[in-house]
Amino acid sequence: MEFKPTKLEGCFVIEPKVFKDERGYFFESYNLNTFNDLNGDQVKFVQDNESYSTKGVLRGLHYQRGKYAQAKLVRVIKGKVLDVAVDVRKGSKTFGEYVAVELSEENKKQLFVPRGFAHGFIVLSETAIFSYKCDNFYNKESEGGIIYNDSQLNIDWKLPENEFIISEKDMVLPKLEHAEL
């Protein structure tokens with residue numbers, strides 16, 4: 001595994017070593033010791049989630065607050081998404097900045113999103129299966145979010161907005177300046 005730092009401290013793109021031959025491929029998607037050695041932090045994932053979505057589905061931007069904050073290790077099993085992490089750590093020098101990474105079944109990249117970040121993605125392929133590990137359990141009372149089209153963030157989601165498919169819940173999220181962090 002190769003960890004590539006992003007402009008946001010603690011947020012990494014992870015590229016696995018893929019072994020290919022005439023039978024197909026093999027790669028190690030996660031190893032606790034390797035992950036913690038390369039990350040420089042002790043992260044223990046406790047929950048795995050998976051979603052299936054069609055082209056244009058935009059999920060996010062979501063986060064958990066307080067003692068239920070979550071770090072996530074995300075990847076695409078099938079299809080292609082644009083994955084976005086936004087730094088919402090109060091006092092961070094990159095507060096309000098984001099990174100966007102294309103994750104796909106072809107490139108097998110993963111994104112590590114540390115605690116204190118909002119996270120979301122949009123499906124760029126016809127369908128996508130998205131998988132993520134979380135280092136803390138979900139708690140409904142601690143969830144928060146930021147509207148996908150916040151002009152302060154100015155995220156380029158790579159698809160025309162008229163193609164977006166967004167849940168009612170995500171359509172009413174606040175702008176970053178009004179978000180409960």
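Worth a mention:
- Residue among 48, 83 that alone is more than 21 Å from residue 150 (Cα to Cα) and of a type in the set (Asp, Glu): 48
- Test for residue 111: is it at pLDDT 95 or above and closer than 24 Å to residue 67 by Cα: yes
- Matching strands (runs of 3 or more DSSP E) fully within region 1-92 where at least 3 residues are more than 15 Å from residue 114 (Cα to Cα) and either touching a Cys at 6+ places or on another chain (Cβ under 9 Å) or of a type in the set (Asp, Glu) (or both): 47-54
- Residue match in region 95-108 (condition: crowded, with 18+ Cβ neighbours inside 10 Å, over 22 Å from residue 166 (Cα atoms), in contact (Cβ under 8 Å) with a residue 60 or more places away in the chain and touching a strand residue (DSSP E or B) at 6+ places or on another chain (Cβ under 9 Å)): yes
- Within region 132-150, no residue that is farther than 25 Å from residue 42 by Cα and at pLDDT below 95 sits with its Cβ atom under 9 Å from a residue that is part of a strand (DSSP E or B) and not hydroxyl-bearing (Ser, Thr, Tyr) at 6+ positions apart or across chains.
- Residue check, residue 56 at positive phi and touching a Leu at 6+ places or on another chain (Cβ under 7 Å): yes
- Filter result for residue 116 (in contact with a helix residue (DSSP H, G or I) (Cβ under 6 Å, 6 or more places away or on another chain), crowded, with 16+ Cβ neighbours inside 10 Å, on the phi > 0 side of the Ramachandran plot and in contact (Cβ under 8 Å) with a residue 12 or more places away in the chain): no
- Checked across region 14-28, the condition of being under 22 Å from residue 148 (Cα atoms) and of a type outside the set (Val, Ile, Thr) holds for no residue.
- Considering (1) on the phi < 0 side of the Ramachandran plot; (2) in contact (Cβ under 8 Å) with a residue 60 or more places away in the chain, the lone condition that residue 37 does not fulfil carries the number (2).
- The selection criterion, being outside any strand (DSSP E or B), more than 15 Å from residue 53 (Cα to Cα) and either without any contact (Cβ under 8 Å) to a residue 12 or more places away in the chain or small (Gly, Ala, Ser) (or both), does not hold for residue 125.
- Here residue 29 fits the description: surrounded by 14 or more Cβ atoms within 10 Å (Cβ to Cβ), out of contact with any helix residue (DSSP H, G or I) (no Cβ under 8 Å at 6 or more places or on another chain) and farther than 30 Å from residue 160 by Cβ.
- Check on residue 8, buried (at least 19 other Cβ atoms within 10 Å of the Cβ), closer than 26 Å to residue 146 by Cα and touching an Asp or Glu at 6+ places or on another chain (Cβ under 8 Å): yes
- Listed by first and then second residue, the pairs with beta-carbon distance under 8 Å, at least 6 apart or on different chains, first residue in region 66-81 and of a type in the set (Ser, Thr, Tyr), second surrounded by fewer than 18 Cβ atoms within 10 Å (Cβ to Cβ) and not in a helix (DSSP H, G or I), are 68/137; 68/138; 68/139.
The values are calculated or read from the model by the stated rules, or taken from the named source; none is laboratory data. As the structure is a computational prediction, the values presented were derived from the model and not from experiment. All Cβ positions, even for glycine, are placed from backbone atoms using ideal geometry, and neighbour counts span all protein chains on display.
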